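K.L.:
My questions will all concern the structure given below.
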Amino acid sequence: MACLLSACSGKKPVTIERPSFSADSAYAYIERQMAFGPRVPNGAAHMQCAVWLIEQLRAFGAEVELQKGFMPDYKGDNQQIYNIIGHFSPSLEGRDGEGLSRPRILLGAHYDTRPWCDEEDDYADRFYNVPGANDGASGVGVLLEVARQIGIRMADSTFTTPVDIIFFDCEDMGTPRTYTGTEREDTWCLGSQLWATNYAKSSNPQYRFGIVLDMVGAPDATFPREMYSTQYAGNYQQQIWHSAEQLGYGAIFTNQQSYPITDDHYYVNYIAGIPCVDIIHYDIRNATGFPHWWHTRNDNLDNIAKPTLQAVGEVVMSQIK
């Protein structure tokens, strides 16, 4: 019967154990972020959301670190950065003799939203804040549900892989289209640049690999193999996409190669030296490569679909042994 149902659905049978993940829960976390309003860096909604994220991670059993610092924006003005890091460290003594020295897995998403809707056709609309349902909240929502699942597994001692979840700040502060002055280089992903630079200078725990989620909630989302991920973390990208196919999500996690995308994973790879894979919606039908409502006032909950959240969540959970 299972084989018949699988054949009728057009999906291949699941060949690996399906991980626990609730898209309903992930969606609720996205709704909660949206209730704060646009999470523009250093605004009231942004700070309220940061406090809430810290509370959620602690509730799920993480040791939470708040990394603060400054990074220059596109004009050279210092922006305050608040990166939120949840450390999930299972007790491994007596299991493999390595204790907490085992290489960790890094999971990341940005929690800020873009201050400008600079992809709007109407020039006057470009000065609104982006609501950020998909571009920001979706990745955070999925990782909060991942954190909740890790907390459950920590409680029943079935969690054995050390994991850090990082909510990066100021990812979307890149130069706006309305700006005509002199700009700096590397104006995007300020939070991950700060984190990666500090990591490279420190003796922090070693990471096996990382995954960054960005824009992972759209109803028609497809996730091609992003080129920087292939360049720096090709083996892990292959591993993740193979798991997606085994779970029946091969039509979403496609074998198409996308252009290189400057996202938080780039600086984790380039500066920190950690192999890191980007799971990001790339749309070849649009000139930008992103959905038509990207960086507009229409990045709202209408563009979030639970089946997409479920697919991404299961794929991420399949990498946590």
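K.L.:
Report D for region 202-276 in µm² per second (integer): Stokes-Einstein, Kirkwood Rh on Cα pairs, 25 °C, 0.890 mPa s.
P.N.:
In µm²/s, the coefficient rounds to 188.
K.L.:
I need the phi-derived Karplus couplings for region 52-57: 6.51 cos²θ - 1.76 cosθ + 1.60, θ = phi - 60°, integer Hz, Gly and Pro marked x.
P.N.:
5, 4, 4, 4, 5, 4
K.L.:
How big is the convex hull of the Cα atoms of region 64-201, per residue, in Å³?
P.N.:
It comes to 112 Å³ per residue, whole-number rounded.
K.L.:
Sorted by packing (mean other beta-carbon atoms within 10 Å per residue), highest first, where do 291-300, 233-242 land?
P.N.:
Descending mean neighbour count gives 291-300, 233-242.
K.L.:
What number results when the radius of gyration of region 123-193, computed over Cα atoms, is divided by 2.2 N^0.38 Å?
P.N.:
1.60
K.L.:
Enter the per residue convex hull volume of the chain, computed from alpha-carbon coordinates, in Å³ rounded to the nearest integer.
P.N.:
Given the Cα convex hull of the chain, per-residue volume reads 136 Å³.
K.L.:
Related question: Given a 1.4 Å probe, how much area per residue of the chain is accessible, in Å²?
P.N.:
Accessible area per residue, the chain: 42 Å².
K.L.:
Something else about it: In region 238-321, what percent of the accessible surface is made up of carbon and sulfur (1.4 Å probe, ligands and nucleic acids excluded)?
P.N.:
50 percent
K.L.:
Give the peptides 266-273, 69-76, 189-196 in descending order of average Cβ contacts within 10 Å, highest first.
P.N.:
Top of the packing list down: 189-196, 266-273, 69-76.
K.L.:
For region 256-321, what is the Kirkwood estimate of the hydrodynamic radius, computed as the reciprocal of the mean inverse distance between distinct Cα atoms, to one decimal in Å?
P.N.:
14.2 Å
K.L.:
Would you mind calculating the relative contact order of the chain from Cα pairs under 8 angstrom and at least 6 residues apart, reporting the percent as a whole number?
P.N.:
24 percent
K.L.:
No solvent, one uniform scatterer per C-alpha: report log10 I(q)/I(0) for region 173-321 via the Debye equation at q = 0.11, 0.15, 0.19 1/Å, two decimals.
P.N.:
Log10 I(q)/I(0), no solvent term: -0.46, -0.84, -1.25.
K.L.:
Could you tell me how many cubic angstrom of Cα convex hull volume region 180-234 has per residue?
P.N.:
161 Å³
K.L.:
With θ taken as phi - 60° and the coefficients 6.51, -1.76 and 1.60, list the Karplus ³J(HN,Hα) couplings across region 258-263 in order, rounded to whole Hz; mark glycine and proline as x.
P.N.:
Each residue of region 258-263 in turn: 9, 5, x, 10, 7, 9 Hz.
K.L.:
Could you tally up the Lys pairs in the chain with alpha carbons closer than 27 Å? Skip any pair fewer than 8 positions apart unless they're on separate chains.
P.N.:
7
The values are calculated or read from the model by the stated rules, or taken from the named source; none is laboratory data. As the structure is a prediction and not an experimental result, all values here were calculated from the model. No Cβ is skipped: glycine too gets one built from the backbone with ideal geometry, and neighbour counts run over all protein chains shown. Areas reflect the complete protein model, heavy atoms only, side chains present, ligands, DNA and RNA absent. Shrake-Rupley method; radii C 1.70, N 1.55, O 1.52, S 1.80 Å.
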